[in-house]
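Undergrad: Pasting in a structure now, in structure tokens, and then I'll have a few things to ask.
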Amino acid sequence: VVVKKSSYSMSSKFYLGEITTDISTVKVEGPGTVVDRIAEARAEIGLGSQLIETSLTQRLELTLVDADGRTVDSPYVTADKTSVTVDIPVFTDAVVPLKYSFANGYDTSLVEKVELSVPTVKISGDPAAVLKISEIVVFVIDENIGTETLANVADFLPAGISVIEGSCVTMTVTFAPIVPDVPDVPDVPDVPDEPDVPEDAEVDATEDVTNA
């Protein structure tokens, strides 16, 4: 079974992936001289001017053709399959930023700086799914986080989305310096100051004299 693309229209931002079918061969019976001329069972995708913006699935008729692409039509030839289901994947690429977040209740003042080794990543997938992704959160900072953590971006993407560039990213966390607790010093009671005595002050001393 061979699928041919005859006509279709697509935005320059999109591209077709590998087309797949639900069957790969067809069993043909009939006169040997006719059967020997059959090279393939062909299905042709013809969408005309229809703009392809997302992946498609179509049921297409099969035509028996020779090596030159001419139809082999004989009432004495039969095929066990006359149609095929064709999956036509459509992809687009996008560059989106990588982000980190803090766990609920985490004291953000404990962190001084956060750096990601890869700031953005290039992803590919169905346009409808890719256009929904504005950023990818790959790290959550909590009390168990270390100074350096490695993550695979693909683990945080929905099914059908793949990473083209920047699949691995490292987050480096610089924690704020820990200030040691200073014990409280008990208050010392005030001692009253002694009165100042001038150096040249005269001292009046009274001396008891006893006359004999």
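Undergrad: Being under 30 Å from GLU135 (Cα atoms) and in contact (Cβ under 8 Å) with a residue 40 or more places away in the chain is true for just one of THR85, THR78, THR92. Which residue is that? Please lay out each step first, then the result.
TA: Working: THR85 fails: under 30 Å from GLU135 (Cα atoms); THR78 fails: under 30 Å from GLU135 (Cα atoms).
None of the other options fit; the residue is THR92.
Undergrad: Let me ask something additional. Any idea which of LEU51, LEU150 is free of Cβ contacts under 8 Å to residues at least 24 places away in the same chain and assigned to a strand (DSSP E or B)? Spell out the reasoning first.
TA: Details: LEU51 fails: free of Cβ contacts under 8 Å to residues at least 24 places away in the same chain.
The match here is LEU150.
Undergrad: Here's another thing I want to ask about it. Is it the case that some residue within segment 133-141 is of a type outside the set (A, V, I, L, M, F, W, C), in contact with a Ser or Thr (Cβ under 6 Å, 6 or more places away or on another chain) and outside any strand (DSSP E or B)?
TA: We begin by selecting, within segment 133-141, every residue of a type outside the set (A, V, I, L, M, F, W, C); these are 134-135.
From what is left, the residues that are in contact with a Ser or Thr (Cβ under 6 Å, 6 or more places away or on another chain) are none.
Scanning segment 133-141 turns up no residue that is of a type outside the set (A, V, I, L, M, F, W, C), in contact with a Ser or Thr (Cβ under 6 Å, 6 or more places away or on another chain) and outside any strand (DSSP E or B).
Undergrad: Contact list please: Cβ distance under 9 Å, first residue in segment 23-38 and in contact (Cβ under 8 Å) with a residue 24 or more places away in the chain, second residue of a type in the set (Asp, Glu), pairs at least six apart or on different chains.
TA: From residues that are in contact (Cβ under 8 Å) with a residue 24 or more places away in the chain, the pairs are VAL26/GLU40; VAL26/ASP80; LYS27/ASP80; VAL28/ASP80; GLU29/ASP80; VAL35/GLU29; ARG37/ASP66; ILE38/ASP66.
Undergrad: Can you tell me which residues in segment 44-66 are exposed (fewer than 12 other Cβ atoms within 10 Å of the Cβ) and β-branched (Val, Ile, Thr)?
TA: THR57 - this is the single residue of segment 44-66 that is exposed (fewer than 12 other Cβ atoms within 10 Å of the Cβ) and β-branched (Val, Ile, Thr).
Undergrad: Of all residues in segment 79-90, which are open to solvent by 80 Å² or more (accessible area, probe 1.4 Å) and over 26 Å from LEU16 (Cβ atoms)? Even if it seems obvious, please write down each step before you answer.
TA: First, the residues of segment 79-90 that are open to solvent by 80 Å² or more (accessible area, probe 1.4 Å): 80-82.
Once the filter is applied, which keeps residues that are open to solvent by 80 Å² or more (accessible area, probe 1.4 Å) and over 26 Å from LEU16 (Cβ atoms), segment 79-90 yields only ASP80.
Undergrad: So ALA94 clears everything in (1) assigned to a strand (DSSP E or B); (2) open to solvent by 40 Å² or more (accessible area, probe 1.4 Å); (3) under 22 Å from MET10 (Cβ atoms) except one condition, right? Which one?
TA: Of the numbered conditions (1) assigned to a strand (DSSP E or B); (2) open to solvent by 40 Å² or more (accessible area, probe 1.4 Å); (3) under 22 Å from MET10 (Cβ atoms), the odd one out for ALA94 is (2).
Undergrad: Something else now. Is it the case that some residue within segment 21-35 is under 35 Å from the mean Cα position of the chain (by Cα), surrounded by 13 or more Cβ atoms within 10 Å (Cβ to Cβ), at pLDDT 90 or above and not in a loop (DSSP other than H, G, I, E, B)? Give the steps one after another, and end with the answer.
TA: Residues of segment 21-35 under 35 Å from the mean Cα position of the chain (by Cα): 21-24.
Then drop every residue that is not surrounded by 13 or more Cβ atoms within 10 Å (Cβ to Cβ), which leaves 21-23.
With the extra rule that they be at pLDDT 90 or above, the set shrinks to 21-23.
Subsequent filtering for residues that are not in a loop (DSSP other than H, G, I, E, B) retains 21.
Checked against the condition, which is being under 35 Å from the mean Cα position of the chain (by Cα), surrounded by 13 or more Cβ atoms within 10 Å (Cβ to Cβ), at pLDDT 90 or above and not in a loop (DSSP other than H, G, I, E, B), segment 21-35 yields at least one hit.
Undergrad: Follow-up question, since we're still on this one. Which of the residues that make up segment 2-14 are open to solvent by 90 Å² or more (accessible area, probe 1.4 Å), farther than 19 Å from THR71 by Cα and either assigned to a strand (DSSP E or B) or among the hydrophobic types (A, V, I, L, M, F, W, C) (or both)?
TA: Hit for segment 2-14 is TYR8, nothing else.
Undergrad: Across segment 102-141, what is the total count of residues that are open to solvent by less than 40 Å² (accessible area, probe 1.4 Å) and either within 30 Å of ILE88 (Cα to Cα) or in contact with a Phe, Trp or Tyr (Cβ under 8 Å, 6 or more places away or on another chain) (or both)?
TA: Selection size over segment 102-141: 15.
Undergrad: For ALA129, all conditions in the list (1) in a helix (DSSP H, G or I); (2) more than 14 Å from the chain's Cα centre (by Cα) hold save one; what is the number of the exception?
TA: (2)
The values are calculated or read from the model by the stated rules, or taken from the named source; none is laboratory data. Keep in mind the model is a prediction, meaning the values are calculated, not measured. So basically every Cβ, Gly included, is an ideal-geometry build from the backbone, and we count neighbours across all protein chains shown. Side chains included, ligands, DNA and RNA excluded: accessible areas come from the protein's heavy atoms. Shrake-Rupley method; radii C 1.70, N 1.55, O 1.52, S 1.80 Å.
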